[in-house]
Amino acid sequence: MNKIQLLPDNLINQIAAGEVVERPASVVKELLENSIDAGAKRIIVEVQEGGMQLLKITDDGSGMSREDAELSLARHATSKIATIEDLQAIKTMGFRGEALASIASVSRFTMRTKLAADSAGTEIVLEGGKILRNGPIGIPTGTEIEVRELFFNTPARLKFMKSAATEYQNVVDAVVDAALAFPEIAFKLVENEGRIALDLPATADPLVRMRGVLGKGIAEEMLEIFYGGVNLKMTGYIGKPSLSRSNRNMQFFFVNNRPIASHVLSYAVKQAYHSLLPKERYPVFVVKFELEPSMVDVNCHPRKTEVKFKDEREIYRVLNSACAKVLEQAVIMPKFESDTPVNYYQEKSAQGITEVSKPAAVQEALEFFSAMSGEKVSVGVSESNQAAETMEKQIAAIPDVSVEMEMTVLAQLSNAFILCQRGEDLVIIDQHAAHERVRYNKLMAEAESEEKLIQPLLVPINIEVSAQDQSILDANKDLLEEIGLELEHFGGNTFSLKAVPAYLAKNNLEKVLLGMIDDLRNFESLKGNKGDLYGRKEKVLTYLACRSAVKFGDSLSMEEMRALVDQLREADWGRSTCPHGRPTMIVLPKDELWGRFGRKYTGFFEKEKFGGVNC
Ligand code: ADP
Ligand code: MG
């Protein structure tokens, strides 16, 4: 008997599903693409349990005849391409004709569809790819697809699913991508029990759509970019530097309306900000390219999330220079001037929040030297080995705290460091790191106790967040409450902040909340952190401690400095690092101090004994 045999269709579909259908969000992406290709003007997405229980997409597009509906479920059945030439110039979102067959093979699947010209519609019900029912049904023109219990028959795949909250976030991302690409289509996203997460009316104005999806705060701080070439058109918006994020989640590229990820192009934007953004901050943008379909290959990724450009350098150049130009006009670009005082920390922003960054002059000088020497000169503090080594040395130099000694505050240096005398050693305290440590310990203790100082807000603050951020807030509601942040989901993407921990009340609460969401998202996306509730709490508290602590740039009175030093002594004296692991203080021991002046320590300096200054 032969060993080789042809696989049955259903198994082929399940294998294909392994590539196309990775998780609920990939189903949503494929079904949305189909609705868009069918000319829908209105699309509704319903989700239960992050899409694991149910995904339902309803559109008012062309619909299908009974024959087409049956065919659409067969593998490699498509109305979108017919020849090899078509494949080289794809104008639709879909083209492989395998999505429906794949999805139906790994779920309990129902399709209801009706052409405008037909009086009755068609309903086809499948289970694991096998047809259970195929008959007429009365529905309005359009198509409705229900996917229940995704991967019910492929347990291995089911195991890879994350929590419902995480899967839901990915679904939101897929809807957001489509909504940003097609403002002229109305989208609605309905979550468990009918909660409306997104309700976006059709609009001709991309800014209106951006506001609906990303929130008012972002939409109002965007700068428009444009390029109109013969083969390449580019339209879009990039965020002012103040909108920057700690990850790339607010970066959207579309190529012929197809959402794509591209590190190269993302870098083209980031590079245009130069020193306006610290190394680890990422700009926010929504940029759309329109290219001759033959100038781009969209058939190079199973889930179509990447494309290949014929001329990527040209696109890089166009994008980079458009961004640089608009930023130059909108923001006063820091220039390298020798008389600019070198201040390693940006001024306090209007919100009173200090972002640690290198000044333009230093950054540019470093870049200049690295270009000259052909060597990479590191400008990232935490990334260079040298910095890490220095930090290690500093930590090693942390005073022996077992001996309690009086600390006398001498002065504040650069609105950043507190200089103290301890015995005859010089102790230099980083005011932000120290206060952060003090705050963190206090917050941790507070969060774990029943007594919290919570300040109700007289006038609740309404905060609009992006659709993605919304799901993070929803998923972390309990945690935030435990900490004292009382948030109410107002519907849509608006949250109402009703109470905050008292220590936060002075801050720009919107900024604090958005930053916290960023940190939470970064944390969750790290491998192994899923479901780590304690870790999440630690993350949030670290963030809040940082935000509520005194900053570099805050001028402190002697009294304030003394209070801080006292608090630091009480708070975990032994640890001497801030929650981020940076040292809170360094010590210049007397021997070293004297040694640096070429002297040997001789004991406390008494004029009578030595008779004045010795040369
Ligand atoms: P592809 O989109 O690559 O053609 P699919 O498996 O996603 O492959 O869909 C197969 C075919 O079914 C499509 O080519 C289209 O003709 C039809 N179809 C799918 N979804 C819809 C829809 N929502 N409305 C109308 N026709 C649809
Ligand atoms: Mg398709």
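Readers should treat all values here as calculations from the given coordinates under stated rules, not as data from a laboratory. Note that the structure is a prediction, hence the values are computed from the model and not measured. Glycine also receives a Cβ, built like all others from the backbone with ideal geometry; neighbour counts cover every protein chain displayed.
A few points about this structure:
- Added length on full extension, which subtracts the Cα-Cα distance from 0.36 nm per residue, residue 303 to residue 488: 63.0 nm
- Share of Cα-Cα pairs in the stretch 192-248 lying beyond 19 Å, as whole percent: 47 percent
- Full extension of the segment from residue 451 to residue 216, taken as 0.36 nm per residue of separation minus the current Cα-Cα distance, would add 81.1 nm.
- When the Cα gyration tensor is reduced to axis lengths a ≥ b ≥ c, the ratio a/c is 1.5 or higher for the stretch 97-185, and with a/b not above b/c it is classed as oblate.
- The stretch 197-286 - Rg over Rh from alpha carbon coordinates, Kirkwood radius: 0.96
- Projecting label points 7 angstrom from Cα along Cα→Cβ for residue 132 and residue 5 puts them 2.7 nm apart.
- Calculated FRET efficiency for the pair residue 162/residue 312, C-beta based, R₀ 22 Å, to 0.05: 0.10
- Options 203, 142, 161, ranked by Cα towards positive dipole end of the stretch 138-211, top entry (Cβ charges): 161
- Label separation (residue 117 vs residue 411): 8.9 nm, computed from points 7 Å beyond Cα along the C-beta direction.
- Ordering of 251-260, 196-205 by burial proxy (mean other Cβ atoms within 10 Å per residue, highest first): 251-260, 196-205
- Highest average first, the peptides 111-118, 429-436 ordered by how many other beta carbon atoms sit within 10 Å of their residues are 429-436, 111-118.
- Estimated FRET transfer efficiency when R0 is 25 angstrom, pair residue 502-residue 570 (beta carbons, to 0.05): 0.80
- Taking the average, over residues, of other Cβ atoms within 10 Å as the packing measure, peptides 286-295, 451-460 rank 286-295, 451-460 from highest down.
- Cα gyration tensor, the stretch 1-135 - rounded (a/c under 1.5), prolate or oblate: rounded
- Note on residue 77 and residue 224: their simple-model spin labels are 4.6 nm apart, each label 7 Å out from Cα toward Cβ.
- Distance between the C-alpha centres of the stretch 270-295 and the stretch 153-197: 25 Å, rounded to the whole angstrom.
- If only the Cβ of Lys and Arg carry +1 and only the Cβ of Asp and Glu carry -1, the dipole of the stretch 185-290 around its Cα centre is close to 260 debye.
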